[in-house]
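First the structure, in the form of structure tokens, and then the observations on it.
The values are calculated or read from the model by the stated rules, or taken from the named source; none is laboratory data. Keep in mind it's a predicted model, so treat the numbers as computed, not measured. No Cβ is skipped: glycine too gets one built from the backbone with ideal geometry, and neighbour counts run over all protein chains shown.
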Amino acid sequence: MANTFGKIFTLTTFGESHGEAIGGIIDGCPAGIELNLNAVQNELDRRKPGQSKIVTQRKEPDEVQFLSGIFEGKTTGASIGFIIKNANQRSNDYAHIKDAYRPSHADYTYDKKYGVRDYRGGGRTSARETANWVVGGAVAKQVISAIKINAFTSSVGDIFMEKPYQEVDFSNVESNDVRCPDKATAEKMIARINEIKKQGDTIGGTVTCVIQNVPVGWGEPIFDKLHAQLGKAMLSINAVKGFEYGSGFCGAKMKGSEHNDIFNANGTTKTNLSGGIQGGISNGMDIYFRVAFKPVATIMQAQQTIDKDGNIVEMHGKGRHDPCVVPRAVPIVEALAAMVLTDFMLLNSFKKL
């Protein structure tokens, strides 16, 4: 099982949704980085369950405990070990799926691949694992502190924030439960999520991420393209169904004369349909991308499925689940982007030695 992310700045994780704890080891972090541990905890607080009425009501403090690699507030260059204890498991909520497979979950594929599965909350396949990623990303953000990474909810269902990212005030992202920086749109999104929740259903949406101050030259021109690694990272997040950067799929409708980013004399470009990346390498312009999340698979409605013996059975969702995962996914998107960029920063530094 692949449990390690990154090449130089790496995060290896462990743990299950209903186990004693989850956690990880960060390797490759440079020595001498002054870490603000409160900032790390703040990132976890943005992701944790139970923070508002429109997310799962599982109550987890998600307090991170660092075990190694930090001395007197600075990184030592050694492995940074950490754990996050699970505190609010209700494993009995999952007894009804012990021998049955939830539609559109990893239950069936995991069981067929490994021959065994932890059905309590999805075990290792649970999105609870992403708390580990947020810790890794929070550390990475402090390694590349000059780079600004801001993500926000840009759509819920068919409700879109129409404002272009250049006009977004990122300080407004945390001003509402849905993490949409436009107040009027946020109110519509929240109302829609509450409506769907009352129906016992779920809804998807998109997260947009904007990365600023990335120097020219990060990324590789062949298989380790910067946008390819960002895409891989985003598509690793539970429930993600799509990734596009720059002009994305809209670029397929355009002519080259419309799409080309014309250079200014100083190397910047008049437009940025390339999304800050050309030939897999950062060009100094803003990097921006959008990530699509499907509706959460567990719904509070009866559904037909199969059990481990292939019998058709009826299943009804139970437990505490997000009616829309998008608001809690915003810090996860930022975290993975930060780890990808930190990896490329270190790789770029080694190549200049």
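Tabulated data for the structure shown
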| read-out | value |
| --- | --- |
| Search result, residues across the range 256-299 that are more than 30 Å from Ile193 (Cα to Cα) and hydroxyl-bearing (Ser, Thr, Tyr) | Ser257, Thr268, Thr269, Thr271, Ser274, Ser282 |
| Among the residues listed as Asn260, Asn348, the single one being in contact with a Phe, Trp or Tyr (Cβ under 6 Å, 6 or more places away or on another chain), surrounded by fewer than 19 Cβ atoms within 10 Å (Cβ to Cβ) and either among the polar types (S, T, N, Q) or without any contact (Cβ under 8 Å) to a residue 24 or more places away in the chain (or both) | Asn348 |
| Output for the range 216-244, where each listed residue is part of a strand (DSSP E or B) and touching a Leu at 6+ places or on another chain (Cβ under 7 Å) | Phe243 |
| Single condition His96 does not satisfy, out of (1) modelled with pLDDT of 90 or more; (2) farther than 22 Å from Met1 by Cβ | (1) |
| Boolean, Gly205 is surrounded by fewer than 19 Cβ atoms within 10 Å (Cβ to Cβ), under 30 Å from Arg128 (Cβ atoms), modelled with pLDDT of 95 or more and within 16 Å of the chain's Cα centre (by Cα) | no |
| Cross-chain or 6+ apart pairs with Cβ under 6 Å, the range 121-139 first and β-branched (Val, Ile, Thr), then assigned to a helix (DSSP H, G or I) | Thr125/Tyr110; Thr130/Ile332; Val134/Glu43; Val134/Leu44; Val134/Arg47; Val134/Pro331; Val134/Ala335 |
| Strands (runs of 3 or more DSSP E) within the range 275-326 that include 3 or more residues on the phi > 0 side of the Ramachandran plot and among the β-branched types (Val, Ile, Thr) | none |
| Number of positions in the range 245-257 that are free of Cβ contacts under 8 Å to residues at least 24 places away in the same chain and either in a loop (DSSP other than H, G, I, E, B) or in contact with a Gly (Cβ under 8 Å, 6 or more places away or on another chain) (or both) | 2 |
| Index of the failed condition, Asn38 passing every other in (1) touching a residue at least 12 places away in the same chain (Cβ under 8 Å); (2) surrounded by fewer than 17 Cβ atoms within 10 Å (Cβ to Cβ); (3) within 27 Å of Ala338 (Cα to Cα) | (1) |
| Single match in Gly157, Gly137, Gly122, Gly200 (criterion: of a type outside the set (S, T, N, Q), at positive phi and modelled with pLDDT of 95 or more) | Gly157 |
| Subset of the range 161-176 [surrounded by 15 or more Cβ atoms within 10 Å (Cβ to Cβ) and modelled with pLDDT of 95 or more] | Met161, Val168, Phe170, Asn172, Val173, Asn176 |
| Conditions (1) in contact with a His (Cβ under 8 Å, 6 or more places away or on another chain); (2) of a type outside the set (A, V, I, L, M); (3) free of Cβ contacts under 8 Å to residues at least 60 places away in the same chain: number failed by Thr202 | (3) |
| Residues that are touching a Cys at 6+ places or on another chain (Cβ under 8 Å) and not acidic (Asp, Glu), drawn from the range 300-341 | Val333, Ala337 |
| Long-range neighbours under 8 Å by Cβ, at least six apart or interchain, first residue within 10 Å of Phe344 (Cα to Cα) within the range 215-234, second basic (Lys, Arg) | Gly219/Lys225 |
| Cross-chain or 6+ apart pairs with Cβ under 7 Å, the range 41-56 first and modelled with pLDDT of 80 or more, then polar (S, T, N, Q) | Arg47/Thr130; Ile54/Asn194 |
| Close pairs from the range 296-311: first touching a residue at least 12 places away in the same chain (Cβ under 8 Å) and of a type in the set (A, V, I, L, M, F, W, C), partner assigned to a strand (DSSP E or B) and exposed (fewer than 12 other Cβ atoms within 10 Å of the Cβ), Cβ under 7 Å, at least 6 apart | Ala302/Glu314; Ala302/His316; Ile306/Ile312 |
| Flag if Ala151 is part of a helix (DSSP H, G or I), more than 19 Å from Met315 (Cα to Cα) and of a type in the set (A, V, I, L, M) | no |
| So Ala335, is it closer than 21 Å to Ser126 by Cα and of a type outside the set (Asp, Glu) | yes |
